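Undergrad: Here it is, the structure, as structure tokens.
The values are calculated or read from the model by the stated rules, or taken from the named source; none is laboratory data. Values in this document were obtained by computation on a predicted structure and should not be read as measured data. All Cβ positions, even for glycine, are placed from backbone atoms using ideal geometry, and neighbour counts span all protein chains on display.
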Amino acid sequence: MKSSSHGLDSLFCPQSIAVVGASADPEKMGFRVMRNLVEGGFRGPLYPVNPKGGEVLGRVCVPSVRRLPKGVDLAILVIPRSGMLSALRECIDADVRSAVALTSGFREVGEEGDRVQEEMEALLKRTPFRLLGPNCAGFLNNLQDVYASIEIRPPKGNLSLISQSGSLMSAFASNMGARGLGVAKSVSMGNKVDVTEADLLEYLGEDEETHLIACYLEDLREGKRFLSIAREVSKKKPIVVLKAGRTPEGKKATFSHTGALAGEDRVIDGALRQVGIFRAETLDEFYDLSYGLSLSKPLFGNHIGILSDAGGPGVIATDAAVGYGFRILPPSQENQEELRRFLPPFSSVANPIDMTFTRDVSWYARALGLLSKEPWHGFLVIIPSHFTVRNELAETLIDASRHIAQPLFVSWLSPWEIPETMRQLTQNKVPVYTTPERAIHVMAKLASYGRWLSNQERL
Amino acid sequence: MHPLIQQATTHHRNLLEPEVWEVLNAYGIETPPFRWARSPREAKQLASHFPFPQVLKVVSPDIIHKTEVGGVVLGLRDENEVEAAFEAMEQEIRRTLPEADLRGALLCPQMQPGRELILGKVEDPQIGSVVMLGLGGIFAELLRDVVFRKTPLSAFDAKEMIADLKFHDVFKGVRGSGPLDLEALVRTLLAFSRLVEENPAIKECDLNPILLYEKGLCAVDARMLLSFSE
């Protein structure tokens, strides 16, 4: 481990790529990686490497790494474990800058794999060459069409993922895609022989295309460094972590009560919060947080307004909000009177504001315009199911969100009408959830982010 | 580094409880006022320094769990009881633990009951020095209501630790008690953080319990494990 993100540019943004172990057999990884790169539209020179020669997807194979032109930026290694050490040595000799090893069979299988991995570690320590993996699913730089992976090519966007598990790459991208968001960079770490979670966090923290970093972690290779980098990155962009291994306590007789209670998970949980990281408990929450935090600004206070045109959902939202420590105070007398001027007589102009059956979409805009002058820090607008003018309503909410200073969240109660409206709102930076509780949960996280940020600036 | 810790690590030994209390006091962490008596007669004389009832706790490098060997006597009402308790305690321990190296007893006034808390420090293999705050008694053992943070702590960290306890509502005061002194608790958390940061030889430490009151707090039991290799 080199303890720096130095050199990761040639990995993520290569000008040239070699696929070592490229194959013309459509069943083989060596083919699927080539196809992903070609179909993904990689713009630089692409060299399949295979000692048997031949062609892959119209490109003539180079017989060995030694025969590559000097200074290739990235080698994708799709070769058996037995050839790994010599391939790495050849890459280093041929001045290849970085590599990603998709091959499995190392520390995760023990014995011989363990031995090879140790040799790899020793070899890499002495060079500026960077290796991602082995035993990983590769990575993708979606905005620059680099697909060093067999995973899907997702919609383009500004969310980036660091994952211990390769299969989460596609799952994350797909779940964000379904909500109208896309991915910038997505990377699976595997055995972390060289490149660690801390290197990747540092790199993505500085990456301007990345607006939010989602991490699925199973262990921390460089815990202290990861935390100190996270503290800096969190000041610029949100980090969401799903950390597995919440269960075992590893209880043994210790000197102190503190030692006995220091299960790994509790310790990590506190340390993650301390550096401004959002910890998700479940995959659902991981998606909800990644989605909402990438769209919304933090809430710098705990007073919110809830706007609805039905009683029940407003009550449900209020219960959830109070449970998270939000304050829901009525608007000023003056604003209450203003609201009464255009809302129906049965409306409630306290908070939650219940507009009753809303016939006019513009009421939302007028109400939000008035209420944005309250000393409140965020809004939740609850949309019931009877809207036939939902595009117009979505436009109104988008427009309102641009004219008020506070973050605006939407709870759209009927999922079957949501997909296109959700995209419309999402792509205009208005986060939308079906249930008010989920929206309030994310707003609560953003309020604690606001608290954290205010306290960091003071330090 | 505190001179007592420095001296102890040089001699490859841990601190005795009166020494731990002295270190805590030096960092602004409150304990009851105390004296270290080496004999029953000395204990009797020292008893005049404090109000009654008083508490005697055995001092020995060989005894970690004092209560289990009869090494803590509560509710001593006058200096004669203090003297007698010292004699009886020593006799009892000499009988059950003949090898134990006895260094007298710590004498202090018995504190009013308060909300029990645990404050501690351990080394985490992945992230280094961490402190723990927990609600004591049943809250710690059964409900495991504890919160960790990495050192050093900021004032914000300290407040968040308190807020992150599941049952932090107990600090508002229950059963007729007023709100508890959270400012004193924040001060103590910061002092404890400074203690463990400035004394990396402290490998593990427990202040258990700390009694939190409407005004102030008091650590009434403390143990510290030092590492000598550093």
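Undergrad: Looking only at residues that are hydrophobic (A, V, I, L, M, F, W, C) and within 14 Å of chain B (Cβ to nearest Cβ) in the stretch A:424-459, which one is nearest to A:Ala321 (Cα to Cα)?
TA: We begin by selecting, within the stretch A:424-459, every residue hydrophobic (A, V, I, L, M, F, W, C); these are A:425, A:430, A:432, A:439-440, A:442-444, A:446-447, A:452-453, A:459.
Then keep just the ones that are within 14 Å of chain B (Cβ to nearest Cβ); that gives A:444, A:447, A:452-453, A:459.
Numbers: A:Ala444: 8, A:Ala447: 11, A:Trp452: 19, A:Leu453: 21, A:Leu459: 30 Å.
Restricting to residues being hydrophobic (A, V, I, L, M, F, W, C) and within 14 Å of chain B (Cβ to nearest Cβ), the top hit is A:Ala444.
Undergrad: Hey, among the residues in the stretch B:114-130 that are within 15 Å of the chain's Cα centre (by Cα) and part of a strand (DSSP E or B), which one's nearest to the other protein chains (Cβ to nearest Cβ)? Steps first, answer last, please.
TA: Restricting attention to the stretch B:114-130, the residues satisfying the condition of being within 15 Å of the chain's Cα centre (by Cα) are B:114-121.
With part of a strand (DSSP E or B) added as a condition, the list becomes B:115-121.
On the way: B:Arg115: 17, B:Glu116: 12, B:Leu117: 11, B:Ile118: 6, B:Leu119: 8, B:Gly120: 3, B:Lys121: 6 Å.
In this case the residue turns out to be B:Gly120.
Undergrad: Continuing with the same structure: Does any residue of the stretch B:87-96 turn out to be polar (S, T, N, Q), free of Cβ contacts under 8 Å to residues at least 40 places away in the same chain and within 14 Å of another protein chain (Cβ to nearest Cβ)? Break it down stepwise before answering.
TA: Step one: list which residues in the stretch B:87-96 are polar (S, T, N, Q), which gives B:91, B:96.
Restricting the remaining residues to those that are free of Cβ contacts under 8 Å to residues at least 40 places away in the same chain gives B:91, B:96.
Okay, now just the ones that are also within 14 Å of another protein chain (Cβ to nearest Cβ), so none.
No, there is no match, as no residue in the stretch B:87-96 is polar (S, T, N, Q), free of Cβ contacts under 8 Å to residues at least 40 places away in the same chain and within 14 Å of another protein chain (Cβ to nearest Cβ).
Undergrad: Now for a different question. Would you be able to say whether some residue in the stretch B:138-149 is surrounded by fewer than 21 Cβ atoms within 10 Å (Cβ to Cβ), touching a Pro at 6+ places or on another chain (Cβ under 8 Å) and among the aromatic types (Phe, Trp, Tyr)?
TA: no
Undergrad: Any idea which of B:Ala84, B:Ala88, B:Ala26 is within 29 Å of B:Glu204 (Cβ to Cβ), surrounded by fewer than 17 Cβ atoms within 10 Å (Cβ to Cβ) and among the hydrophobic types (A, V, I, L, M, F, W, C)?
TA: Values: B:Ala84 fails: within 29 Å of B:Glu204 (Cβ to Cβ); B:Ala88 fails: within 29 Å of B:Glu204 (Cβ to Cβ).
B:Ala26 is the lone residue from the list that is within 29 Å of B:Glu204 (Cβ to Cβ), surrounded by fewer than 17 Cβ atoms within 10 Å (Cβ to Cβ) and among the hydrophobic types (A, V, I, L, M, F, W, C).
Undergrad: Can you name every one of the helices (runs of 4 or more DSSP H) wholly within the stretch A:102-218 that holds 1 or more residues which are surrounded by fewer than 24 Cβ atoms within 10 Å (Cβ to Cβ) and not assigned by the TED database to the domain that holds A:Ser228?
TA: A:111-125
Undergrad: I'm told A:Ala405 meets every condition in (1) under 26 Å from the mean Cα position of the chain (by Cα); (2) farther than 18 Å from A:Pro298 by Cβ; (3) surrounded by fewer than 19 Cβ atoms within 10 Å (Cβ to Cβ) except one. Can you identify the failing condition by its number?
TA: (2)
Undergrad: Say we look at the stretch A:424-435 and pick out the residues that are closer than 20 Å to A:Leu159 by Cα and surrounded by fewer than 17 Cβ atoms within 10 Å (Cβ to Cβ); which of these is farthest from the chain's Cα centre (by Cα)? It would help to see each step written out before you state the result.
TA: Within the stretch A:424-435, the first condition is being closer than 20 Å to A:Leu159 by Cα, and the residues that meet it are A:424-433.
Add one more test, that the residue is surrounded by fewer than 17 Cβ atoms within 10 Å (Cβ to Cβ), and what stays is A:427-429.
Details: A:Gln427: 16, A:Asn428: 19, A:Lys429: 16 Å.
The qualifying residue farthest from the chain's Cα centre (by Cα) is A:Asn428.
Undergrad: Now for a separate question. Only residues that are more than 23 Å from B:Ala163 (Cα to Cα), free of Cβ contacts under 8 Å to residues at least 12 places away in the same chain and surrounded by 23 or more Cβ atoms within 10 Å (Cβ to Cβ): list them for the stretch A:255-297, please.
TA: Within the stretch A:255-297, just A:Ser256 meets the criteria.
Undergrad: Which residue is farthest from the other protein chains (Cβ to nearest Cβ), if the candidates are limited to the stretch A:259-306 and must be under 16 Å from B:Met132 (Cα atoms) and part of a loop (DSSP other than H, G, I, E, B)?
TA: Ranking the candidates gives A:Gly263 first.
Undergrad: Another question, if that's okay. Scan the stretch B:166-190 for residues that are buried (at least 16 other Cβ atoms within 10 Å of the Cβ) and either of a type in the set (Lys, Arg) or at pLDDT 95 or above (or both) and jot them down.
TA: Correct list: B:Leu180, B:Asp181, B:Leu182, B:Ala184, B:Leu185, B:Val186, B:Arg187, B:Thr188, B:Leu189, B:Leu190.
Undergrad: Moving to a separate point now. If a residue must be buried (at least 20 other Cβ atoms within 10 Å of the Cβ), in contact (Cβ under 8 Å) with a residue 40 or more places away in the chain and not in a helix (DSSP H, G or I), how many such residues does the stretch A:307-343 contain?
TA: Summing the residues that are buried (at least 20 other Cβ atoms within 10 Å of the Cβ), in contact (Cβ under 8 Å) with a residue 40 or more places away in the chain and not in a helix (DSSP H, G or I) in the stretch A:307-343 gives 5.
Conditions (1) among the aliphatic types (A, V, I, L, M); (2) within 22 Å of A:Ala260 (Cα to Cα), marked per residue:
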residue: B:Phe148; (1), (2): no, yes
residue: B:Phe156; (1), (2): no, no
residue: B:Gly173; (1), (2): no, no
residue: B:Val220; (1), (2): yes, yes
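Undergrad: Go through the stretch B:1-111 and tell me which strands (runs of 3 or more DSSP E), entirely inside it, have 1 or more residues that are under 14 Å from B:Arg223 (Cβ atoms) and not acidic (Asp, Glu).
TA: Numbers: elements: B:35-37, B:54-58, B:72-76, B:105-109.
Strands (runs of 3 or more DSSP E) meeting the threshold: B:54-58, B:72-76, B:105-109.
Undergrad: If B:Lys150 satisfies all but one of (1) within 30 Å of B:Gly70 (Cβ to Cβ); (2) in contact (Cβ under 8 Å) with a residue 12 or more places away in the chain; (3) out of contact with any Cys (no Cβ under 8 Å at 6 or more places or on another chain); (4) within 12 Å of another protein chain (Cβ to nearest Cβ), what's the number of the condition it fails?
TA: Condition (1) is where B:Lys150 drops out.
Undergrad: Sticking with this one: Could you tell me whether any residue of the stretch A:230-237 is more than 14 Å from chain B (Cβ to nearest Cβ), out of contact with any Leu (no Cβ under 9 Å at 6 or more places or on another chain) and at pLDDT 95 or above?
TA: Within the stretch A:230-237, one or more residues are more than 14 Å from chain B (Cβ to nearest Cβ), out of contact with any Leu (no Cβ under 9 Å at 6 or more places or on another chain) and at pLDDT 95 or above.
Undergrad: Scan the stretch B:153-191 residue by residue and report those that are of a type in the set (A, V, I, L, M, F, W, C), within 12 Å of chain A (Cβ to nearest Cβ) and not in a loop (DSSP other than H, G, I, E, B).
TA: Residues of the stretch B:153-191 that are of a type in the set (A, V, I, L, M, F, W, C), as a first pass: B:153, B:155-156, B:158, B:161-163, B:165, B:167, B:170-171, B:174, B:180, B:182, B:184-186, B:189-191.
Restricting the remaining residues to those that are within 12 Å of chain A (Cβ to nearest Cβ) gives B:153, B:155-156, B:158, B:161, B:163, B:165.
Once the filter is applied, which keeps residues that are of a type in the set (A, V, I, L, M, F, W, C), within 12 Å of chain A (Cβ to nearest Cβ) and not in a loop (DSSP other than H, G, I, E, B), the stretch B:153-191 yields B:Ala155, B:Phe156, B:Ala158, B:Met161, B:Ala163.
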